[in-house]
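Below: one structure, written as structure tokens.
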């Protein structure tokens, strides 16, 4: 019989690094651009991100702490998700630093902005995919005790999609060749995916 390492998170994991992030992963990265009411642009990556509804398309990310992105989305009701691919990992990582609110991470990371069509926050011009989003919910999370924790969950409906045409093969998005970068566990583990990981499995009828 296999031995298991078991623990209760409320008492700590007792390991060199929390395994939770590594187990629930690798995860797509929420590279979120937003803009404040004063017009200050912000760009930040979030490792807790995913899609939560198909029609209408709704995506969401959570922020550990009330950061500039949360404040901006709360003020304006808008944000843009930008796909992180392997060619953009250094810029993404640079945008992760704890800059003060008046700093534009696009400029620090050497990224060009592209205008959005519906929302005010700009897109990352070199991102192969971007979703323009309008916020539908902002929820401050709470534990089983009912006490609120310092994490905010932001949901937004995708109102405009931008896809590099090179990634559309016969009209189907080619995930395997896009160069997606995913967040793993540990202090700095990331993954890419490619054709080697691709297999197909159809739903039973």
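FYI, it's all coordinate maths here, none of it is from the lab. Keep in mind it's a predicted model, so treat the numbers as computed, not measured. Cβ atoms come from the backbone with ideal geometry, glycine included; neighbour counts cover every protein chain shown.
Values computed for the structure shown
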| item | result |
| --- | --- |
| Ranking of 193, 23, 32 by count of other Cβ atoms within 10 Å, fewest first | 23, 193, 32 |
| Length-normalised contact order of the chain in % [C-alpha pairs under 8 Å, at least 6 apart] | 23 percent |
| Pair residue 175, residue 151: separation of 7 Å Cα→Cβ label points (nm) | 2.4 nm |
| Length gained when the stretch residue 2-residue 23 is fully extended (0.36 nm per residue, less Cα-Cα span) | 5.8 nm |
| Taking 24, 70 and counting other C-beta atoms within 10 Å, the order from fewest to most | 24, 70 |
| Estimated 222 nm signal from helices in the chain, with DSSP H stretches of n ≥ 4 weighted -39500 (n - 2.57), rounded to 500 | -2500 deg cm²/dmol |
| Set of the stretch 82-99 residues, backbone N closer than 20 Å to the point 7 Å along the Cα-Cβ line of residue 196 | 85-89 |
